[in-house]
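Comments concern the structure below.
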Amino acid sequence: MFLEERQAKILEMLNANGKVLVKELAEMFNVTEDSIRKDLSALELDGKLKRTYGGAVTIKEKLQMIAANKRRISDVEAKRKIAAATVKMISPNDLVFLDISTISIAIAEILEKRDTAYKIITNMVDVLVMLARNPKIDLIFAGGQINKSRDGFCDGLNLEFMSRFRPDIAFIGVAGVNVLKNSLSSNNINSGMHKAKILSVSKNSYVIAESRKFGLEANFTFSTLQNIRGVVTEIAPAAEISKAARDLNLEIILPD
């Protein structure tokens, strides 16, 4: 039996039983226990199971992971427009922070293809992978303990690391921008606290958000709108929201 066939069979048994044991698998496939351990290690690296003492158990996809995947494929055109508008605000002379946001991925897609020596700091894995392909980009990665959606870092270690920097301009993702209630909110406490820290250390901060997020309030409010200079979005918000933004001296930045 080929290696791939054996590993496929292991996953089949795992899905049926919820767990597998190294000793039993070795006897079944007539291979060494070390070979089975290597199989389980490879499958764990692919995110297909979780190793335990003497075997492995299934990984049940969490709601956070499902939500993260949905965010990646939603509002794609809006995110591209916001990214295009955001990139125009980025100067090669500035240290730029890109937050955990699917819009940050769209921004990175543009920057990756440019022949420009940008200076970027990020805590998002996808942005890191993308921008690392461009040797001209001076890239700083803020690591730590990965968050539940596995797309970046916003734990205490990362918070301490980021407190040492003073980005010239920061672009922050949010779950909600409620202009009428003067609040920025996140679905995650650690993420919200991290965003608040970035706002406090950055010289200029902007929110990057689809227009549908205006008026929304998520579970954790991390800042008022006075701590940002503006919101980059794809279309102008409703008249009531636009007026409230003007009253707060909040700039609404739109694509050309």
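The values are calculated or read from the model by the stated rules, or taken from the named source; none is laboratory data. This one's a predicted model, so the numbers in the text were calculated from it and none came from an experiment. Every residue, glycine as well, gets a Cβ built from its backbone with ideal geometry; the counts of neighbours run over all protein chains shown. In case anyone asks, the SASA skips ligands and DNA or RNA and just uses the protein heavy atoms, side chains included. Shrake-Rupley method; radii C 1.70, N 1.55, O 1.52, S 1.80 Å.
Can you pull the three principal axis extents for the Cα set of the stretch 102-256, in Å, largest first?
The Cα atoms of the stretch 102-256 stretch 45, 36, 26 Å along the principal axes, largest first.
In nm, give the distance between the simple-model label positions of residue 235 and residue 84, each being 7 Å from the Cα along the Cα-to-Cβ direction.
Distance between label points: 1.5 nm.
Leaving out ligands, DNA and RNA, and with a 1.4 Å probe, what % of the accessible surface on the stretch 83-151 is carbon or sulfur?
49
Taking GluC sites (Glu not before Pro) as exposed when DSSP calls them loop (any state but H, G, I, E, B) and at most 16 other Cβ atoms lie within 10 Å, what is the longest stretch of the chain free of them, the sites themselves excluded?
Maximal segment without exposed cleavage sites: 62-216.
Tell me the per residue accessible area of the chain using a 1.4 Å probe; a whole number in Å² is fine.
That works out to 53 Å² for each residue.
Leaving out ligands, DNA and RNA, what percent of the accessible area of the stretch 180-247 is carbon and sulfur, probe 1.4 Å?
48
Considering only Cα-Cα distances, which of the following residue pairs are longer than 26 Å: 23/48; 119/197; 50/195; 48/195; 88/203; 88/136?
Checking Cα-Cα distances, 50/195; 48/195 exceed 26 Å.
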